[in-house]
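Peer 1: Dumping the structure here so I can ask a few things about it.
The values are calculated or read from the model by the stated rules, or taken from the named source; none is laboratory data. Please read these numbers as outputs of a predicted model, since none were measured by experiment. Backbone-built Cβ (ideal geometry, glycine too); neighbour counts: all protein chains shown.
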């Protein structure tokens, strides 16, 4: 990838590069310019990416400039909010795996909290803050795409083959799921997909992509839930959260 | 004032033009004034299927650029009164026409006719948008194949976003023997995905190819098989309650007798 230096005010310069590695993307910032100018350069670099990288981990690396940790986390939250890029795991969150077992719990935005989330505070904040959900009142047909990266999606209707639903939280389909559903699109592996009739083309939860085995026999449609258990996406009868 | 109906499918080769030719003829045979419009500019074939190719002088393109009037460009079908065709230009392509121009033409035709049937090209690009621009209702044609159903689903979504909400489905070329063997989707499978109103099921009929090649819509010569299905669809378009017969092979016994008596594949049992 070419280094695109953008000259600012004849004195400072900004270079923002995006490189792909096995464990995700790295955003390499080389600049002595102000925060606002770096932000502009990041936006310019990421503007044309589209939806393809949603849920990908991105790590910020700096050449010859040290951004403060507040500045770095500001950029992480910007990239997550605007482009769906996920900050890398930090050590304290790996220790804090107890939260991942609660399927409805929305994870705190990774990488941002300066102090590791305390379980009791976390649950308290959850009960106070209501989760957002987007409500879709029609069938999603082939080629139609719904994305909501601020919470859950509820579809009253079918998701047909060729249609796609993406949410940062859970996806609930009051109808047939035959297209693609991507829950926890910003990396929340505790997210779930629930459908009245689960026959998806593809299921994605967090960064796990699965293709369900074809059903040999037609069965009576029943409400089912798909979520990650021990690293695999498991589909089972839905019996409430 | 008549009704403007676009016939569309997304996928090519599912029988849109054949549907337009036969349903248009059927409506005209029941004394309705009908104009059929070929919107497949650059790849016209409705005039060929209707056997009117040799009589086309002006096309819709000539009407748009002003070298012909609309009345003069309409080709009358001599076999049936009240049926006219507006042919597509072979020399131009779909981007030479704007949706507004298409809409203006259809609105004029609508004043003089009871039905304006617009034969849409395959695809979802400008040609489709032109065809759909004037329509208030749509007939979506699909065959019982997964790929055709997928495209029909896409088209239904696009029609809805163009504010066309009266959308009816024609399942074309259903082969009852293959359905019975489990090799083909049946109407129920198709409706399960598309969930719109089914206005007719046309059985596969080997006579269609011959009639298309001769330029004589099958409905002139036959009352059964596909022709019967097209006639019933035209009656349903006119608002009559006509039940959709089930094209089913009654078990192996009937198939055996069918073979013994030399029945054609796909003939209604």
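Peer 1: Any idea how many residues of segment B:195-223 are assigned to a loop (DSSP other than H, G, I, E, B), over 20 Å from residue B:179 (Cα atoms) and in contact (Cβ under 8 Å) with a residue 24 or more places away in the chain? I'd like the intermediate steps shown before the answer.
Peer 2: Here is the first cut: in segment B:195-223, the residues assigned to a loop (DSSP other than H, G, I, E, B) are B:195-196, B:204-206, B:215-217, B:221-223.
Going one step further and asking which of them are over 20 Å from residue B:179 (Cα atoms), we end up with B:196, B:215-217, B:221-223.
Now narrow it down to the ones that are in contact (Cβ under 8 Å) with a residue 24 or more places away in the chain: B:196, B:215-217.
Going through segment B:195-223 one residue at a time, the tally reaches 4.
Peer 1: Limited to segment B:134-158, what total is found for residues that are within 12 Å of chain A (Cβ to nearest Cβ) and assigned to a loop (DSSP other than H, G, I, E, B)?
Peer 2: 0
Peer 1: OK, next. Report, by residue number, each residue of segment A:201-241 that is in contact (Cβ under 8 Å) with a residue 12 or more places away in the chain and either in contact with a helix residue (DSSP H, G or I) (Cβ under 8 Å, 6 or more places away or on another chain) or closer than 16 Å to residue A:167 by Cα (or both).
Peer 2: Correct list: A:202, A:203, A:204, A:205, A:206, A:207, A:208, A:225, A:226, A:227, A:228.
Peer 1: Output the residues belonging to segment B:168-183 that are more than 19 Å from residue B:231 (Cα to Cα) and in contact with a strand residue (DSSP E or B) (Cβ under 7 Å, 6 or more places away or on another chain).
Peer 2: Residue satisfying the conditions is B:176 alone.
Peer 1: Please go through segment B:159-176 and pick out each residue that is in a helix (DSSP H, G or I) and surrounded by 21 or more Cβ atoms within 10 Å (Cβ to Cβ).
Peer 2: Within segment B:159-176, B:159, B:176 meet the criteria.
Peer 1: Taking residue B:44 and the conditions (1) touching a residue at least 24 places away in the same chain (Cβ under 8 Å); (2) assigned to a loop (DSSP other than H, G, I, E, B); (3) more than 17 Å from the chain's Cα centre (by Cα), which numbered condition does it fall short on, given that it satisfies the others?
Peer 2: (3)
Peer 1: Another one. Show me the helices (runs of 4 or more DSSP H) entirely contained within segment A:1-102 in which 1 or more residues are at pLDDT below 80.
Peer 2: Of the helices (runs of 4 or more DSSP H) lying wholly inside segment A:1-102, those with at least 1 residues that are at pLDDT below 80 span A:91-95.
Peer 1: For residue B:198, are the conditions met, namely being surrounded by fewer than 19 Cβ atoms within 10 Å (Cβ to Cβ), in contact with a strand residue (DSSP E or B) (Cβ under 7 Å, 6 or more places away or on another chain) and within 14 Å of chain A (Cβ to nearest Cβ)?
Peer 2: no
Peer 1: Return a yes/no flag: does segment B:165-183 have any residue that is within 14 Å of chain A (Cβ to nearest Cβ), modelled with pLDDT under 95 and more than 25 Å from residue B:30 (Cα to Cα).
Peer 2: There is at least one residue in segment B:165-183 that is within 14 Å of chain A (Cβ to nearest Cβ), modelled with pLDDT under 95 and more than 25 Å from residue B:30 (Cα to Cα).
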